[in-house]
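Undergrad: I'd like to ask you about the structure that follows.
Please treat every number below as a calculation from the coordinates, not as lab data. If you're wondering where the values come from, they're calculated on a predicted model, not measured in any experiment. When we count neighbours, we look across all protein chains shown, and the Cβ atoms used for this are built from the backbone with ideal geometry, even at glycine.
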Amino acid sequence: DLSPVPPASVPEEVRPLIIAFNDMMARLEENLQAQQRFIADAAHQMRTPLTGLKMQTDLALHETDPEQLRQSLAHIAESTDRAAHLINQLLSLARAEASFEKLYAVEPVDLGAVVREVALELFPRAQTKSIDLGAEGGEGELLVEGNAVLLRELVKNLVDNAIKYTPRGGHVTVRTRFAGSPVLEIEDSGLGIPDADRERVFERFYRVLGSGVDGSGLGLPIVREIAELHRATVTLDANPAGQGTLARVVFPRSHLQLPPAVQGDVYP
Ligand code: ADP
């Protein structure tokens, strides 16, 4: 019997124990249901690219014209990339969800350096869309306590989204600064996120309709998971500078931070 209140016949001393036990069981049950839902959703999401691949392969098998065949194979390669991306994102999410302390070393991470690395990596992608990608905030100035691999993934997902949802010729700025505690901001001049979707985009597989861009709907859930592991908060707001989105991650203040006066000099 998992009813939260023990029956009257139960002795007074054991009642708190029973209540605590029932509460624990209810939470386990909830967790299990969430896991099952996730597996069902993930399998469903995988079916779409696989169905596409199967159809394209069948078509290619019957193609006699060499140029048509080459095009079919190019489609197949694209679909395979998409399926691989989805699997990678699923793995990322599972990895981020696994116990932080057990799997990953926690160390001082130079947030500015992580931003530079990600910006360098994504620069070619921005260039193909003529997007002006800039990074503000130097290296060695802002340390957060955490895991470099996971933090890199967090930054990459946010910058990747900013580029993905910004039309050609727009701009994306990645900024690290100290405002009482370490802050990471990614500002884009893109499509923006409708108010009604602002929280829902953090749900697994949720995507805003009509963006016309490919994706898994797992990037932001990964970002939130990693942020929570670092006791940081993530918010998405309308870009105050005009069109687009401002993603902000606020990290907790830790003993790693320099005194505010020094930080103030570094970040005017
Ligand atoms: P994906 O990008 O693979 O769809 P995400 O979880 O990263 O998955 O994002 C969920 C949705 O949130 C996206 O489909 C998109 O509609 C919206 N979104 C995320 N980032 C931005 C952004 N910078 N600008 C506009 N829309 C965004």
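Undergrad: Please find, among GLY217, GLY169, the residue that is over 18 Å from the mean Cα position of the chain (by Cα) and either of a type outside the set (A, V, I, L, M, F, W, C) or more than 12 Å from the ligand (Cβ to nearest atom) (or both).
TA: The unique qualifying residue is GLY169.
Undergrad: Is at least one residue of the range 175-190 buried (at least 18 other Cβ atoms within 10 Å of the Cβ), more than 7 Å from the ligand (Cβ to nearest atom) and without any contact (Cβ under 8 Å) to a residue 40 or more places away in the chain?
TA: There is no residue in the range 175-190 that is buried (at least 18 other Cβ atoms within 10 Å of the Cβ), more than 7 Å from the ligand (Cβ to nearest atom) and without any contact (Cβ under 8 Å) to a residue 40 or more places away in the chain.
Undergrad: Can you tell me which residues in the range 30-53 are of a type in the set (S, T, N, Q) and over 28 Å from HIS75 (Cβ atoms)?
TA: Hits for the range 30-53 are ASN31, GLN33, GLN35, GLN36.
Undergrad: Something else now. Conditions: (1) more than 17 Å from ASN239 (Cα to Cα); (2) within 11 Å of the ligand (Cβ to nearest atom); (3) surrounded by 18 or more Cβ atoms within 10 Å (Cβ to Cβ). LEU150 meets all but one. Number of the miss?
TA: Every listed condition holds for LEU150 apart from (2).
Per-residue answers, yes or no, for (1) closer than 25 Å to VAL172 by Cα; (2) assigned to a helix (DSSP H, G or I); (3) within 22 Å of the chain's Cα centre (by Cα):
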residue: ASP58; (1), (2), (3): no, yes, no
residue: THR64; (1), (2), (3): no, no, no
residue: LEU69; (1), (2), (3): no, yes, no
residue: ALA74; (1), (2), (3): no, yes, no
residue: ALA77; (1), (2), (3): no, yes, no
residue: THR80; (1), (2), (3): no, yes, yes
residue: ILE87; (1), (2), (3): no, yes, yes
residue: ALA96; (1), (2), (3): no, yes, yes
residue: LEU122; (1), (2), (3): yes, yes, yes
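Undergrad: Which pairs do you get when a residue that is under 12 Å from THR80 (Cα atoms), found in the range 43-66, comes within reach of a residue that is of a type in the set (A, V, I, L, M) and part of a helix (DSSP H, G or I), reach meaning Cβ atoms under 6 angstrom, with the pair 6+ apart or on two chains?
TA: These pairs meet every condition: PRO49/ALA83; GLN56/ILE76.
Undergrad: Identify, from the list ARG152, ARG168, the residue that is of a type in the set (Lys, Arg) and part of a helix (DSSP H, G or I).
TA: ARG152 is the lone residue from the list that is of a type in the set (Lys, Arg) and part of a helix (DSSP H, G or I).
Undergrad: What residue, among those in the range 171-191 that are of a type in the set (Asp, Glu) and in contact with a Leu (Cβ under 7 Å, 6 or more places away or on another chain), is farthest from GLN127 (Cα to Cα)?
TA: Out of the qualifying residues, it is GLU185.
Undergrad: Does the range 220-258 hold any residues that are among the β-branched types (Val, Ile, Thr), assigned to a strand (DSSP E or B) and more than 10 Å from the ligand (Cβ to nearest atom), and which are they?
TA: THR233, VAL234, THR235, VAL249, VAL250
Undergrad: Please state which one of VAL155, VAL208 is within 30 Å of ALA34 (Cα to Cα) and within 11 Å of the ligand (Cβ to nearest atom).
TA: VAL208
Undergrad: Can you name the number of the only condition in (1) crowded, with 19+ Cβ neighbours inside 10 Å; (2) under 30 Å from HIS44 (Cα atoms) that ASP197 fails?
TA: Every listed condition holds for ASP197 apart from (1).
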